[in-house]
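See below for the structure under consideration.
The values are calculated or read from the model by the stated rules, or taken from the named source; none is laboratory data. Since the model is a prediction, treat every value here as computed from it, not as a measurement. Note that we place each Cβ from the backbone using ideal geometry, even for glycine, and neighbour counts take in every protein chain shown. All accessible areas refer to the heavy atoms of the entire protein, side chains included, with ligands and DNA or RNA removed. Shrake-Rupley method; radii C 1.70, N 1.55, O 1.52, S 1.80 Å.
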Amino acid sequence: MRNLTVFAAYTGMRPGEIMALEWTDVDLERRRIHVQRRVWRGRTDIPKSNKTKLISLTPPARDALLAQPTRGHSPYCFVSKRGARMSESLLSLYWKEVRARADLDFDFYLATKHYCVHHLFVRCQRSPRAIAQQMGWKLSSVLELLEVYGH
């Protein structure tokens, strides 16, 4: 779960996209991820934006993937302890425990997407347009978020 959380925080991918991510979608050499599908309500579907996207695989996210103990044993990058594809309910149970222990009041995606946008803008000095492409958002959405959290 630690690898999944780090991966989400440094790619900005939605939880459903991460659950459906397969090793064949990841180009480690070019540091790119082809987001082609998501898990939504237990079924595999196209991404929320209704189109696939090619995003950057940042060094911390790459390290999280390479640290996965199931690498090579499953088509999915993130799996349960029993080797099944990660599920919404499993992630929800995990995040509920994290929220309780850390006294947080926001969901997994809210936490990871805000961190990712901040990291890309402040640490990586990426343009709002590049961040919009990474996140799969409109430029105006990135600008709104940066106005609040970009400092």
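Assess whether Cys116 counts as being closer than 15 Å to Met13 by Cβ, surrounded by 12 or more Cβ atoms within 10 Å (Cβ to Cβ) and in contact (Cβ under 8 Å) with a residue 60 or more places away in the chain. It is true that Cys116 is closer than 15 Å to Met13 by Cβ, surrounded by 12 or more Cβ atoms within 10 Å (Cβ to Cβ) and in contact (Cβ under 8 Å) with a residue 60 or more places away in the chain.
When the range 22-64 is filtered for residues that are in a helix (DSSP H, G or I) and closer than 28 Å to Ser141 by Cα, the ones remaining, listed by number, are Asp25, Pro59, Pro60, Ala61, Arg62, Ala64.
Does the range 80-94 include one or more residues that are modelled with pLDDT of 90 or more, outside any loop (DSSP other than H, G, I, E, B) and over 18 Å from Gln134 (Cα atoms)? No, the conditions are met nowhere in the range 80-94. When Arg2, Arg32 are checked against the criterion of being modelled with pLDDT under 95 and charged (D, E, K, R), Arg2 stands alone in meeting it. Scanning the range 14-57 for residues that are among the β-branched types (Val, Ile, Thr) and surrounded by 20 or more Cβ atoms within 10 Å (Cβ to Cβ) returns Ile18, Ile33, Val35, Val39. Identify the residue in the range 130-148 that is part of a helix (DSSP H, G or I) and touching a residue at least 12 places away in the same chain (Cβ under 8 Å) and, among all such residues, is most open to solvent (accessible area, probe 1.4 Å). Per the criteria, the residue is Gln133. Within the range 80-94, residues that are within 15 Å of Gly16 (Cα to Cα) and of a type outside the set (Phe, Trp, Tyr) sit with their Cβ atoms under 6 Å from residues that are part of a strand (DSSP E or B) and open to solvent by 50 Å² or more (accessible area, probe 1.4 Å), at 6+ positions apart or across chains, in these pairs: Arg85/Tyr76.
In this structure, does Arg126 turn out to be touching a residue at least 60 places away in the same chain (Cβ under 8 Å) and among the charged types (D, E, K, R)? Against the criterion (touching a residue at least 60 places away in the same chain (Cβ under 8 Å) and among the charged types (D, E, K, R)), Arg126 does not qualify.
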